[in-house]
Amino acid sequence: MMAEQIIDTDGNYIEHTYARMPLVVERARGATLYDTDGREFIDLGSGIGVNALGHGDEGWIRAVTKQAGKLAHLSNLYYSEPGGTLAQMLCERTGAQKVFLCNSGAEANECAIKCARKYSSDRYGPGRSAIVTLKNSFHGRTLATLSATGQDVFHQHFAPFPEGFRYVDAADVESAAASLQEGGVCAVMLELIQGEGGVVPLSEEFVRRVADICAANDILLLADEVQTGAGRTGNFLCSEQYRIKPDIVTLAKGLGGGLPIGAALFGEKTAGVLGAGDHGSTFGGNPVACAGAAEVVSRLTPELLEQVRKKGGTIRRTLEGLKNVRAVYGMGLMIGATLREGLKASDVARRGIEQHQVVALTAKGNIRLLPPLTISWEELETGLERLSACIESF
Ligand SMILES: *Cc1c(COP(=O)(O)O)cnc(C)c1O
């Protein structure tokens with residue numbers, strides 16, 4: 001199908017919940033996308049941090065197709081091998097004790113919220129149910145995870161929202177600490193780097209303080225690593241870089257390498273809290289998605305993670321040298337850049353596609369880069385040349 005026809009059909013039949021950019025992709029390899037006219041684009045977004053191994057990775061394709069040919073879906077009423085294997089790999093990698101498998105980041109966070117409330121209700125009875133989240137956070141699009149999201153723009157139109165969320169400002173450590181100790185709180189949920197919020201890393205001081213208060217008050221620490229996890233920041237978990245051991249870590253995005261998957265990783269306190277019938281998901285632990293995710297996890301070796309950190313350093317230095325870039329943030333291959341006053345990130349991203357054959361993301365007015373973790377040095381160089389030219393062309 002021609003590009004115009006694809007755009008027309010989409011416009012006529014897909015509900016318009018996305019403001020799409022003018023790019024129609026037919027196929028992709030590595031960190032290169034090919035549009036319907038055969039033009040190639042360097043992909044610095046990897047489907048919002050999903051295609052961790054790049055596009056068309058042979059090992060991933062083999063794992064997924066082999067499993068699809070054997071058993072594509074079973075339901076959680078019976079046993080099959082891939083889910084347990086993946087869960088074991090995740091536990092061995094992170095020190096978690098148990099895993100709940102689902103299909104998306106929002107679902108993983110829903111599970112974390114339910115688990116935190118049940119933990120508290122089992123131990124302390126009703127009433128200690130509040131979950132503290134951060135201003136400028138993003139936790140998903142379901143009603144509860146929207147409620148957890150600390151941005152007012154997400155709290156319109158859909159009221160009533162589930163109750164029991166309190167927002168604190170990570171920039172104000174003292175008032176956040178006070179709010180946590182007010183009572184009635186069962187958990188804190190945070191992104192260590194606020195991805196949708198503009199790629200804003202939390203300060204170590206803030207995270208340390210929150211972790212200490214949580215430990216002292218039996219408040220659970222939930223790390224939403226849906227975007228930061230699975231190697232993105234140069235460690236398997238970003239929590240490792242902050243030297244914290246959350247009670248629940250949620251993963252999704254890059255974990256599946258391209259198929260939908262989510263996971264809630266339970267630590268010592270939270271393993272076993274959810275029992276039979278407390279939670280579930282028809283597609284959760286889907287064998288094909290799990291086989292793909294197991295391939296992703298097995299490929300996130302120390303060598304690859306070192307490359308992630310190195311390539312991230314190269315991106316940062318390049319962006320820092322541009323006259324239209326004011327500041328650069330992030331870790332590993334999760335990088336944000338604030339542009340000079342008056343220059344809109346969305347205009348840069350659009351021009352990148354229309355004139356420079358490079359795909360970059362935006363987040364809250366910033367440029368956001370989440371290239372495949374396996375991006376080659378050659379693709380990275382080309383992508384950065386194109387992106388730099390694009391940013392400096394304004
Ligand atoms: C993307 C994201 C989510 C939501 O994930 P979905 O798979 O879209 O439901 C939640 N939390 C964070 C930090 C995210 O980046």
The conditions are (1) closer than 17 Å to residue 84 by Cα; (2) in contact (Cβ under 8 Å) with a residue 12 or more places away in the chain; (3) in a loop (DSSP other than H, G, I, E, B), and residue 228 fails exactly one of them. Which is it? (1)
Those strands (runs of 3 or more DSSP E) lying entirely in segment 1-55 with at least 2 residues within 21 Å of residue 349 (Cα to Cα) and among the charged types (D, E, K, R): 25-29, 40-43
If you check every pair at least six apart or on different chains, which have Cβ atoms under 8 Å apart with a residue in segment 319-330 that is in contact (Cβ under 8 Å) with a residue 12 or more places away in the chain first and a residue that is of a type in the set (Phe, Trp, Tyr) second? 324/394
When you scan segment 188-203, do you find a residue that is touching a helix residue (DSSP H, G or I) at 6+ places or on another chain (Cβ under 7 Å), modelled with pLDDT of 95 or more and away from the ligand (no atom under 15 Å from the Cβ), even just one? no
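A quick yes/no check of all residues on (1) modelled with pLDDT of 95 or more; (2) closer than 15 Å to residue 236 by Cβ; (3) small (Gly, Ala, Ser); (4) more than 16 Å from the chain's Cα centre (by Cα):
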residue: 264; (1), (2), (3), (4): yes, no, yes, no
residue: 269; (1), (2), (3), (4): yes, no, no, yes
residue: 294; (1), (2), (3), (4): yes, yes, yes, yes
residue: 299; (1), (2), (3), (4): yes, yes, no, yes
Is one or more of the residues making up segment 49-67 within 16 Å of the ligand (Cβ to nearest atom), without any contact (Cβ under 8 Å) to a residue 40 or more places away in the chain and either within 21 Å of the chain's Cα centre (by Cα) or open to solvent by 40 Å² or more (accessible area, probe 1.4 Å) (or both)? no
Report yes if some residue within segment 6-29 is open to solvent by less than 20 Å² (accessible area, probe 1.4 Å), of a type outside the set (A, V, I, L, M, F, W, C) and touching a residue at least 12 places away in the same chain (Cβ under 8 Å); otherwise report no. no
Just give me the residues in segment 259-273 being part of a strand (DSSP E or B) and more than 16 Å from the ligand (Cβ to nearest atom), in sequence order. 266
Just one of (1) in contact (Cβ under 8 Å) with a residue 60 or more places away in the chain; (2) within 16 Å of the ligand (Cβ to nearest atom); (3) touching a helix residue (DSSP H, G or I) at 6+ places or on another chain (Cβ under 7 Å) trips up residue 72, so point out which. (2)
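The values are calculated or read from the model by the stated rules, or taken from the named source; none is laboratory data. Computed from a prediction, not measured in an experiment: that's the story for all the values here. Virtual Cβ from ideal backbone geometry, glycine too; neighbours counted across all protein chains shown. With ligands, DNA and RNA removed, areas are computed over all heavy atoms of the protein, side chains included. Shrake-Rupley method; radii C 1.70, N 1.55, O 1.52, S 1.80 Å.
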